[in-house]
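Novice: Quick one: the structure is below, and I'll ask about it shortly.
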Amino acid sequence: MFIKIRRCSNIKELQINEEIREREVRLIDSDGKQIGVVPIKKALNIAYEKKLDLVKVAPNAKPPVCKVMNYGKYKYEMSKKEKEAKKNQKVINIKEMRMSPNIEEHDLNVKAGKTIEFLKNGNKVKVSVRFKGRQLGHTEAGRKVLLKFAELTSEYGTIDKQPKMEGRNMVMFLVSKND
């Protein structure tokens, strides 16, 4: 007796029962004991007798490894593990602060305050200075602005990536100190 199971898109697809097309497979019993290399028909019969499914767990092995198991229960356990892993995942957003190389002191302080707010929330901050026209000849001014900005926010964040030119922009990344 085979169980028809609907496929779930988020779980790695495995071949089960008649979907397995190899002549011989290395068989693992439902208890975890290795039975050895057997013809596919014999492996299917063993699965039939135990009223379980034959699942190909290692398709790239020579010969492929199949295990006798309850596939529905296996999929359920895998989806539970996947959900648990998603719960424990930490999402990091990247916020961006844009400036010009000739930014005024007050504007720099306002942007630093907003960046500190982002860093307190655990976000990563991309700080960029955009150069226009002749400003490209004076990239050291942009580097000074970025380093001064990093100094203003140093209490809450550290430099993750040093200032670096990317096209017309000089970019630096800051990360929160509590990470």
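None of the figures in this text is laboratory data; all of them are computed from the coordinates on show. Because the structure is a prediction, the values reported are computed rather than measured. Every residue, glycine among them, receives a Cβ derived from its backbone with ideal geometry; neighbour counts consider all protein chains shown.
Novice: For residue 95, give me every one of the aspartates and glutamates with a C-alpha distance below 19 angstrom, ignoring sequence neighbours fewer than eight places off in its own chain.
Specialist: Those aspartates and glutamates meeting the cut-off are 107, 117, 151, 155, 160, 166, 179.
Novice: Counting other beta carbons within 10 Å of each Cβ, put 26, 168, 21 in order, fewest first.
Specialist: In order of increasing Cβ crowding within 10 Å: 21, 168, 26.
Novice: Further, regarding this structure: About its Cα centre, how strong a charge dipole does the chain have in debye, to the nearest 20, once Lys and Arg get +1 and Asp and Glu get -1 at the Cβ? Numbers along the way, then the final one.
Specialist: On the way: 40 positive and 23 negative charges, 96 e Å.
Result for the chain is approximately 460 debye, rounded to the nearest 20.
Novice: Additional query: Summing Lys, Arg as +1 and Asp, Glu as -1, what charge do residues with Cβ under 14 Å from the Cβ of residue 41 carry, residue 41 excluded?
Specialist: Net charge in that neighbourhood comes out at -1.
Novice: Next question, about the same structure. What list of ³J(HN,Hα) couplings, whole Hz, do you get for the range 15-21 from phi and the Karplus terms 6.51, -1.76, 1.60, once you set θ to phi - 60° and write x for glycine and proline?
Specialist: Values per residue, Gly and Pro as x: 7, 10, 6, 5, 5, 6, 9 Hz.
Novice: Under the Kirkwood approximation applied to all pairs of distinct alpha-carbon atoms, what is the hydrodynamic radius of the chain in Å?
Specialist: Details: mean 1/r = 0.0476 Å⁻¹.
Radius from the Kirkwood sum: 21.0 Å.
Novice: If you don't mind, there's one more thing I want to ask. Please turn the phi angles of the range 134-140 into ³J(HN,Hα) values with the Karplus equation 6.51 cos²θ - 1.76 cosθ + 1.60 (θ = phi - 60°), one per residue in order, whole Hz, x for glycine and proline.
Specialist: Once θ is set to phi - 60°, the couplings for the range 134-140 become 5, 4, 4, x, 10, 5, 5 Hz.
Novice: Here's something else I'd like to know. For residue 132, go through the lysines and keep the ones whose alpha-carbon is under 17 Å away, minus same-chain ones fewer than eight residues off.
Specialist: 144, 164
Novice: Another one. Of all DSSP beta bridges located in the chain, what percent are antiparallel, nearest 5?
Specialist: Values: 24 of 33 bridges.
The antiparallel fraction comes to roughly 75 percent.
Novice: While we're on this one: Taking the DSSP beta bridges in the range 17-80 as the whole, what percent of them are antiparallel, to the nearest 5?
Specialist: 75 percent
Novice: Once you order the gyration tensor axes a ≥ b ≥ c over the Cα atoms, which shape class does the range 86-157 get: rounded for a/c under 1.5, otherwise prolate or oblate by comparing a/b with b/c?
Specialist: Since a/c reaches 1.5 and a/b is larger than b/c, the shape of the range 86-157 is classed as prolate.
Novice: So which of 126/148; 90/111; 90/177; 83/177; 114/177 end up more than 18 Å apart by C-alpha?
Specialist: Distance filter (> 18 Å) returns 90/111; 83/177.
Novice: Note down the net charge around residue 20, summing +1 for each Lys or Arg and -1 for each Asp or Glu among other residues with Cβ under 14 Å from its Cβ.
Specialist: +1
Novice: For the ranges 153-159, 35-41, what's the packing order if you count other beta-carbon atoms within 10 Å of each residue, average per peptide, and put the highest first?
Specialist: Packing order, densest peptide first, comes out as 153-159, 35-41.
Novice: Need the list of lysines near residue 51 for cross-linking: C-alpha distance under 16 angstrom, and skip anything on the same chain fewer than eight residues off.
Specialist: 4, 41, 42, 67, 73
Novice: List the extent of the Cα atoms of the range 17-80 along each of their three principal axes, largest first, rounded to whole Å.
Specialist: 32, 26, 22
Novice: Show the residues, 5+ positions off or on another chain, whose built amide H is closer than 5 Å to the amide H of residue 160.
Specialist: It is 173, 174, 175, by chain and number.
Novice: Scan around residue 15 for amide H atoms under 5 Å from its own, H built in the peptide plane at 1.01 Å from N, and keep only partners 5 or more places away or cross-chain.
Specialist: Here 56 satisfy the definition.
Novice: Arranged from highest to lowest average of other beta-carbon atoms within 10 Å per residue, in what order do the peptides 64-76, 88-100 appear?
Specialist: So the peptides 64-76, 88-100, ranked by packing, come out 64-76, 88-100.
Novice: Report, by chain and number, residues whose modeled amide H sits under 5 Å from the one on residue 70, excluding near sequence neighbours (fewer than 5 apart, same chain).
Specialist: Here the answer is 53, since their amide H atoms fall under 5 Å of that of residue 70.
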